[in-house]
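Engineer: One structure is given below, represented as structure tokens, and several questions about it will come after.
The values are calculated or read from the model by the stated rules, or taken from the named source; none is laboratory data. What you see is a predicted model; the values in this text were computed from it and never measured. Glycine gets a Cβ as well: all are built from the backbone with ideal geometry, and neighbour counts include every protein chain shown.
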Amino acid sequence: MRWLSDNAVDRLRQEADLPDLGGSKYLVLHKLGSGGMGTVYLAQDVDLGRKVAVKVMNIADQSGALASRMMREARIVALLEHPSIVPIHDVGTLEDGRVFYAMKLVQGGRLDQRLGDGSSLYDMLRIFQKVCEAVAFAHARGVIHRDLKPENVMVGPFGEVLVMDWGVAKVLSAGDAKEESISDGERSELKALEDADLIATLPLVQAQPGDTSGGTVIGTPAYMPPEQASGQTELLDERSDVFSLGAILYFLLTSDPPYGSRGAAEAGKSAEHPVHPRQIDRKIPKAVEAICLKAMSERRQDRYANAAEIAGDVVRFLDGNPVSAYRENVFEKAGRWLNKNRFIVLLILAYLIMRLIVFFSVGR
Amino acid sequence: MGEDRFPVTRLSAIVAASSSNQEERSRAFEVLVSAYWMPVYKYVRIKWNKPSEDARDLTQGFFAQAIEKNFFARFDPSKAKFRTFLRTCLDGFVANENKAAARKKRGGDATILSLDFDGAEEQLRIAAPPAPDSIDEYFDREWARSVFSLALEGFRGEMISAGKETHLRLFERHVLDAEDGAPKPSYKALATDFKLSTTDVTNYLATARREFRRIVLEKLRELTATDDEFRREARALLGVDPQ
């Protein structure tokens, strides 16, 4: 019997663990990564000759509920045609009962892995702005994500941003919908799927902190608004996503989620509030801190109404304009104006200095 | 659609080890010894710090006593994994042998099983010794190595008898032949070497992988007592998160 080195055992283990997609049009090439719910593989679509990412759930779908949930996710994503939302190509079930879906292959890394790579605050805010805009697009179509976190955001090599994992997204009822929202027919169809699957009945807090797992849990405490963590599902709307966006911004500013892995609901029991970002790093602009804290307000009515509003404030900050979340004093206004118009100010100063030099030269 | 991720294809050797049928029992012990003798031998050498000759005798004696007294029948799957049970039995056995200091009377000189102890010694010489505080993990790792080695042997036999030598050679080149730490050869490189199209390489490897996985799971099925233990071991061995 041939002796196997530790590396050989590991390679055999990986081979044996690759899912068997026999019977589908996909051939698995190798593993890309794994999360709480499933594992993502690089696969070849043999019909179209293109590479795709295939996500395979870690558990067999004995009741068929997971398959219907993933089908629902695929249909929601299909309705959200946006450059920052990854399209799902296909949903299927393996011979062993595990559900998989094939989606566009996204190159790049997760947002949480970008920290410490030398990106400036402004780079991070540009990325965050794109996340907000993708979520704003979904909000405008009457869909909320419900599991926004850095791990669900991919950043491509050219700065493209993709919001992933719409598996627990919720379609808002017609009364809450906006003008551009999906049609009544589509909404009632998706609502019917939602009522039939796990989402309506499952607990909204997961057993293991830090990640969504097992298909029996919805959301991640560290980035979850208090109303979601405490199971008040009737209160969930765009402001719930806004809270999670604020928590993502907090993470980008401080490298930590606002309440650690416990989440807002647990922290709320002991009346604990997150440390303000500027207490951790004084270099964080006050306006950015204010955007973050407003989005994460404990009272829903104190938050931005939707992702478009928070995106608007971020854009205003990046453009050197005042943000709605922060009232500046006169010095701050002047400082921002000077900063925004630095080039013109320098030009005028140079002109004045030249005039002075000329004046004194001629006077002599 | 299958309801179970892990197909049930073979009977458990642990269950069969307590069968009233002598032939079935012998076959079951053969399966268990083939999977466990190497981890047992290495464990005795390292944890109990026994010289090679003593470890050989103790390994032989342990399995001889297990067969004679049928103590695998005492295994209760609700309390522990079989692997843990076996290791506990082994520790008890070696401790007793130490106390009695009567190894030769146990019949230690009589070789009852044909086991490649020299091969095991060679492996111990090549591999780095485990840290003193990770002997249990070492036993588990050796057990995994043993399961994969047996599965690979079975896989080779099946592929050859099915006339799928190309599948087998491709699989071995892709997975095993790369030096430790070196990247696996690409599908394109394999296609050139084997004078196949890349699509054929992809298909052949997919088939080989499927067969190998089936054989690993069959082997695990043999080496576990209950469906629950089988699932847990499969998840632990194949790296899938437990439900």
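Engineer: Tell me the residue from B:62, B:29, B:72 that is assigned to a helix (DSSP H, G or I) and at pLDDT below 85, please. Break it down into steps so the answer makes sense when it comes.
Structural biologist: Working: B:62 fails: at pLDDT below 85; B:29 fails: at pLDDT below 85.
Of the residues listed, the single one that is assigned to a helix (DSSP H, G or I) and at pLDDT below 85 is B:72.
Engineer: Moving on. Condition (residue is among the aliphatic types (A, V, I, L, M) and within 19 Å of residue A:238 (Cβ to Cβ)) applied to segment A:337-357: is it met by at least one residue? Spell out how you get there, then give the answer.
Structural biologist: Going residue by residue through segment A:337-357, those that are among the aliphatic types (A, V, I, L, M) are A:338, A:344-350, A:352-354, A:356-357.
Right, trim to within 19 Å of residue A:238 (Cβ to Cβ) and you get none.
For segment A:337-357, residues among the aliphatic types (A, V, I, L, M) and within 19 Å of residue A:238 (Cβ to Cβ): absent.
Engineer: Go through segment A:1-35 residue by residue and tally those that are β-branched (Val, Ile, Thr) and within 30 Å of residue B:124 (Cβ to Cβ). Full working, then the answer.
Structural biologist: So the first thing to find is which residues in segment A:1-35 are β-branched (Val, Ile, Thr), and the list is A:9, A:28.
Then keep just the ones that are within 30 Å of residue B:124 (Cβ to Cβ); that gives A:9.
Residues in segment A:1-35 being β-branched (Val, Ile, Thr) and within 30 Å of residue B:124 (Cβ to Cβ): 1 in total.
Engineer: Which members of segment B:150-185 meet the condition of being within 20 Å of residue A:29 (Cβ to Cβ) and in contact with a His (Cβ under 9 Å, 6 or more places away or on another chain)? Please lay out each step first, then the result.
Structural biologist: Taking segment B:150-185 as the starting set, the residues that turn out to be within 20 Å of residue A:29 (Cβ to Cβ) are B:166-178, B:182-185.
Selection gives B:184, B:185.
Engineer: Next up: Can you pull out the residues in segment A:250-272 that are modelled with pLDDT under 90 and part of a helix (DSSP H, G or I)?
Structural biologist: Scanning segment A:250-272 gives A:264, A:265, A:266, A:267, A:268, A:269.
Engineer: Without any contact (Cβ under 8 Å) to a residue 60 or more places away in the chain and among the basic types (Lys, Arg), is that true of residue B:184?
Structural biologist: On the way: without any contact (Cβ under 8 Å) to a residue 60 or more places away in the chain: yes; among the basic types (Lys, Arg): yes.
It is true that residue B:184 is without any contact (Cβ under 8 Å) to a residue 60 or more places away in the chain and among the basic types (Lys, Arg).
Engineer: Restricting to segment A:10-59, and then to whatever is acidic (Asp, Glu) and in contact (Cβ under 8 Å) with a residue 12 or more places away in the chain, can you tell me which residue is surrounded by the most Cβ atoms within 10 Å (Cβ to Cβ)? So that I can check it myself, show each step before the final result.
Structural biologist: Going residue by residue through segment A:10-59, those that are acidic (Asp, Glu) are A:10, A:15, A:17, A:20, A:45, A:47.
Within this subset, residues satisfying the condition of being in contact (Cβ under 8 Å) with a residue 12 or more places away in the chain are A:17, A:20, A:45, A:47.
Details: A:17: 20, A:20: 18, A:45: 18, A:47: 8.
Among those residues, the one meeting the criterion is A:17.
Engineer: How many residues are touching a residue at least 60 places away in the same chain (Cβ under 8 Å) and not in a loop (DSSP other than H, G, I, E, B) when one looks only at segment A:98-115?
Structural biologist: 5
Engineer: Moving on to the next point. Could you tell me which numbered condition residue B:134 fails, if it satisfies all but one of (1) in contact (Cβ under 8 Å) with a residue 12 or more places away in the chain; (2) under 30 Å from residue B:90 (Cα atoms)?
Structural biologist: So residue B:134 meets the others, but not (1).
Engineer: Looking at the structure I just gave you, is residue A:247 closer than 21 Å to residue A:121 by Cα and either at pLDDT below 75 or in contact with a helix residue (DSSP H, G or I) (Cβ under 8 Å, 6 or more places away or on another chain) (or both)? Outline the logic, then answer.
Structural biologist: Numbers: closer than 21 Å to residue A:121 by Cα: yes; either at pLDDT below 75 or in contact with a helix residue (DSSP H, G or I) (Cβ under 8 Å, 6 or more places away or on another chain) (or both): yes.
Here the answer is yes, as residue A:247 does meet what is asked.
Engineer: Considering only segment A:234-249, state which residues are assigned to a helix (DSSP H, G or I) and touching a Leu at 6+ places or on another chain (Cβ under 7 Å).
Structural biologist: So in segment A:234-249, the residues assigned to a helix (DSSP H, G or I) come out as A:234-235, A:238-249.
Result: A:241, A:244, A:245, A:248.
A quick yes/no check of all residues on (1) assigned to a strand (DSSP E or B); (2) at pLDDT below 80; (3) away from chain B (no Cβ under 11 Å); (4) within 20 Å of residue A:162 (Cα to Cα):
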{"position": "A:3", "(1), (2), (3), (4)": "no, yes, no, no"}
{"position": "A:11", "(1), (2), (3), (4)": "no, no, no, no"}
{"position": "A:15", "(1), (2), (3), (4)": "no, no, no, no"}
{"position": "A:22", "(1), (2), (3), (4)": "no, yes, no, no"}
{"position": "A:56", "(1), (2), (3), (4)": "yes, no, no, yes"}
{"position": "A:62", "(1), (2), (3), (4)": "no, yes, no, no"}
{"position": "A:72", "(1), (2), (3), (4)": "no, yes, yes, yes"}
{"position": "A:78", "(1), (2), (3), (4)": "no, no, yes, yes"}
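Engineer: Here's something else I'd like to know. Hey, can you tell me all the residues within segment A:122-159 that are in contact with a Leu (Cβ under 8 Å, 6 or more places away or on another chain) and farther than 27 Å from residue A:171 by Cα?
Structural biologist: Across segment A:122-159, the qualifying residues are A:122, A:124, A:125, A:126, A:156.
Engineer: Here's a follow-up. Could you please give the count of residues in segment B:179-205 that are of a type in the set (A, V, I, L, M, F, W, C), within 18 Å of residue A:42 (Cβ to Cβ) and surrounded by fewer than 20 Cβ atoms within 10 Å (Cβ to Cβ)?
Structural biologist: 2
Engineer: Write out, first by first residue and then by second, each pair whose Cβ atoms fall under 7 Å of each other, whose residues are 6+ apart or on separate chains, and whose first residue, in segment A:321-338, is part of a helix (DSSP H, G or I) while the second is not hydroxyl-bearing (Ser, Thr, Tyr).
Structural biologist: Listed pairs, sorted by first residue: A:336/A:320; A:336/A:328; A:338/A:345.
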